[in-house]
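Notes for the one structure printed next.
The values are calculated or read from the model by the stated rules, or taken from the named source; none is laboratory data. Worth saying up front: this structure is predicted, and the values here are computed from it rather than measured. Glycine gets a Cβ as well: all are built from the backbone with ideal geometry, and neighbour counts include every protein chain shown.
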Amino acid sequence: AQSVTQLGSHVSVSEGALVLLRCNYSSSVPPYLFWYVQYPNQGLQLLLKYTTGATLVKGINGFEAEFKKSETSFHLTKPSAHMSDAAEYFCAVSLNRDDKIIFGKGTRLHILP
Amino acid sequence: DTAVSQTPKYLVTQMGNDKSIKCEQNLGHDTMYWYKQDSKKFLKIMFSYNNKELIINETVPNRFSPKSPDKAHLNLHINSLELGDSAVYFCASSQVSGAPRNIQYFGAGTRLSVL
């Protein structure tokens, strides 16, 4: 069965600094991978996804993630953090386009002024 | 116009009561879901319906019963509420025909507090 591990339930970065949120997955077949963001008191919003093809995927709000099969990782990055990036971020995996999504436990991103 | 809307946004009730949460999507999607997010933010799928037909039914107490009157609506009825049912419940939808079902659009959530 597939699973997702997010390292660090809380991450703090200074405004303008690099954001790095870590995600590792386990899957018996090449996975579909996602990052979702949840702003306070809101539902989840898709940031970006990897299905096939280019391993570096770009998403909304300047975020990107790289699929590394050898490391079974899909870390999320943003070159320069903004105060509005403070939110909960969820990594997720799916076996195929029609399969259910398994979410990680989330990482709360704090932005320090 | 809200794509996936849930009502109510907040629900406070006593143990033992029966309550319902409603969900509607105006995206023309075929598939709808219910998720439970616990106090530690862990998000777990409960049910999924495709064109009014149940396709995912995770290990959930049978006090929880989803109802899909049409493909735009998926309501969640909970009988005999327990303290452990307190959580945020999210509705989601996905898949215009031919598109991946695993790209999902979420509602804003219903915060259920059982006293």
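For segment A:26-68, which residues satisfy the criterion of being touching a Pro at 6+ places or on another chain (Cβ under 8 Å) and in a loop (DSSP other than H, G, I, E, B)? Matches in segment A:26-68: A:THR51, A:THR52. Quick check on A:LEU109: is it within 14 Å of chain B (Cβ to nearest Cβ), buried (at least 19 other Cβ atoms within 10 Å of the Cβ), hydrophobic (A, V, I, L, M, F, W, C) and in contact with a helix residue (DSSP H, G or I) (Cβ under 8 Å, 6 or more places away or on another chain)? The answer is yes for A:LEU109.
Can A:TYR89 be described as in a strand (DSSP E or B) and modelled with pLDDT of 95 or more? Taking the combined requirement at face value, the residue satisfies it. When each of A:PHE34, A:PHE90, A:PHE74, A:PHE103 is tested for being away from chain B (no Cβ under 13 Å) and of a type in the set (Phe, Trp, Tyr), the lone residue that passes is A:PHE74.
Results for (1) of a type in the set (Asp, Glu); (2) more than 20 Å from B:PHE106 (Cα to Cα); (3) modelled with pLDDT under 95, shown as yes or no for each residue.
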| position | (1), (2), (3) |
| --- | --- |
| A:GLN2 | no, yes, yes |
| A:SER9 | no, yes, yes |
| A:GLU15 | yes, yes, no |
| A:LEU20 | no, yes, no |
| A:PRO40 | no, no, yes |
| A:LEU44 | no, no, yes |
| A:THR55 | no, yes, yes |
| A:ASN61 | no, no, yes |
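Within segment B:72-90, can one find any residue that is in contact with a Gly (Cβ under 6 Å, 6 or more places away or on another chain) and surrounded by 14 or more Cβ atoms within 10 Å (Cβ to Cβ)? Yes, that holds for at least one residue. Taking into account only those residues within segment B:93-110 that are part of a strand (DSSP E or B) and modelled with pLDDT under 95, which is farthest from the other protein chains (Cβ to nearest Cβ)? Ranking the qualifying residues of segment B:93-110, first place goes to B:SER93.
Only one entry of B:LYS19, B:LYS40, B:LYS52 meets the criterion of being modelled with pLDDT under 95, of a type in the set (Lys, Arg) and either within 15 Å of B:LEU76 (Cα to Cα) or in contact with a Leu (Cβ under 8 Å, 6 or more places away or on another chain) (or both), and that entry is B:LYS52. Each residue in segment B:37-58 was checked for being closer than 11 Å to B:VAL88 by Cβ, more than 11 Å from every other protein chain (Cβ to nearest Cβ) and in a strand (DSSP E or B), and 0 pass.
Got at least one residue in segment A:65-88 being touching a residue at least 60 places away in the same chain (Cβ under 8 Å), among the basic types (Lys, Arg) and farther than 27 Å from B:LYS9 by Cβ? For segment A:65-88, residues touching a residue at least 60 places away in the same chain (Cβ under 8 Å), among the basic types (Lys, Arg) and farther than 27 Å from B:LYS9 by Cβ: present.
One line per residue, one yes/no per condition, for (1) within 11 Å of chain A (Cβ to nearest Cβ); (2) under 24 Å from A:SER3 (Cβ atoms):
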position	(1), (2)
B:THR31	yes, yes
B:VAL60	no, yes
B:ASN79	no, no
B:SER113	no, no
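Of all residues in segment A:3-21, those satisfying the criterion of being farther than 13 Å from A:SER80 by Cα and assigned to a loop (DSSP other than H, G, I, E, B) are A:GLY8, A:SER9.
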